[in-house]
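Structure first, commentary second.
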Amino acid sequence: MAPAYYMSSVRAWLAGGVFPSLGLTALSRRADNVMQSEGLKLFTGYEILLEPISGETAIDEAKLAARVINQIIQAGLAEVSNVQDAQGRKISAEFNAERNLLRVWRKG
């Protein structure tokens, strides 16, 4: 990303805007088709794993991951359950045993 865009998005976040998750973290697809954040650990101490739903596009998954990350950064982990996907499905989340990965999936 261009330096000016980076500075603009970070300034907006610091002024109360959304966390620039796709600029300060990355998303990658694992071999098991789960989307995983990279770099979120610097802010939270853990990464997220977003389990896909059949028929959902990578763009939809990335948008949802960005919403989940923003909610975690802005309001804390307890508020993740307030996030919904584009179809209105609620989010569930739980840590792995080492508490370094937060598994996120949709209910219903």
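Just so you know, all these numbers are worked out from the coordinates, no wet-lab data involved. Values in this document were obtained by computation on a predicted structure and should not be read as measured data. Quick reminder, even Gly has a Cβ in these numbers, built from the backbone with ideal geometry, and neighbours come from all protein chains shown.
Please go through the range 69-107 and give me each residue that is touching a Ser or Thr at 6+ places or on another chain (Cβ under 9 Å) and among the aliphatic types (A, V, I, L, M), ordered by number.
Residues satisfying the conditions are I69, I72, I73, L77, V80, I91, A93, L102, V104.
Does at least one position in the range 65-75 carry a residue that is touching a Lys or Arg at 6+ places or on another chain (Cβ under 9 Å) and over 16 Å from R106 (Cβ atoms)?
Step one: of the range 65-75, the residues touching a Lys or Arg at 6+ places or on another chain (Cβ under 9 Å) are none.
So far as the range 65-75 goes, no, none of its residues is touching a Lys or Arg at 6+ places or on another chain (Cβ under 9 Å) and over 16 Å from R106 (Cβ atoms).
Every residue, every condition in (1) surrounded by fewer than 14 Cβ atoms within 10 Å (Cβ to Cβ); (2) in a strand (DSSP E or B), yes or no:
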position	(1), (2)
Y5	yes, no
V10	no, no
A31	yes, no
E56	no, no
I59	yes, no
Q71	no, no
E79	yes, no
R99	yes, no
L102	no, yes
